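Accompanying notes for the structure given below.
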Amino acid sequence: MKVTQRAILAYGFISLALALGPGCASMNAKKEMKAAAAGTIAMAESQIRSAREAKADLYASTQLSEAESQLVYARQKLQNKDYSAASKLAQTAGQSAQEAKLKAEQSQKKSKTTKKK
């Protein structure tokens, strides 16, 4: 069996494509995970802003502080390329911020009804 230069080149290109193919897919998956984590962090930031606007710093300071701490850790995980942990922490931060906002709104309603009496 005679091996030609053309066959060697073809084999080389096929080998290269097979070697790089999974790497490219892996890179795309990492980019998607990073983008998803960054999006989740942005959502948590928005929820924290909303909680602050509802005066959660006055009425639900513990929950708001918890949300802010979780967001700091989420950003650190994103920087360290631990995208899964970053997303989870950001989701938890968002939930804490929503709880803080709800508590603040409920406390303000109670405060208004108490003043009317």
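The values are calculated or read from the model by the stated rules, or taken from the named source; none is laboratory data. Note that this is a predicted model, so its numbers are computed, not measured. Note that each Cβ is placed from the backbone with ideal geometry, even for glycine, and that neighbours are counted across all protein chains shown.
Could you please give the count of residues in the stretch 19-57 that are at pLDDT 95 or above and more than 18 Å from residue 93 (Cβ to Cβ)? Number satisfying all stated conditions: 1.
Scanning the stretch 37-75 for residues that are within 16 Å of the chain's Cα centre (by Cα), surrounded by 19 or more Cβ atoms within 10 Å (Cβ to Cβ) and small (Gly, Ala, Ser) gives 37, 44, 67, 74. Among the residues of the stretch 76-117, those that are hydroxyl-bearing (Ser, Thr, Tyr) and in contact (Cβ under 8 Å) with a residue 12 or more places away in the chain comprise 83, 84, 87, 92, 96, 107.
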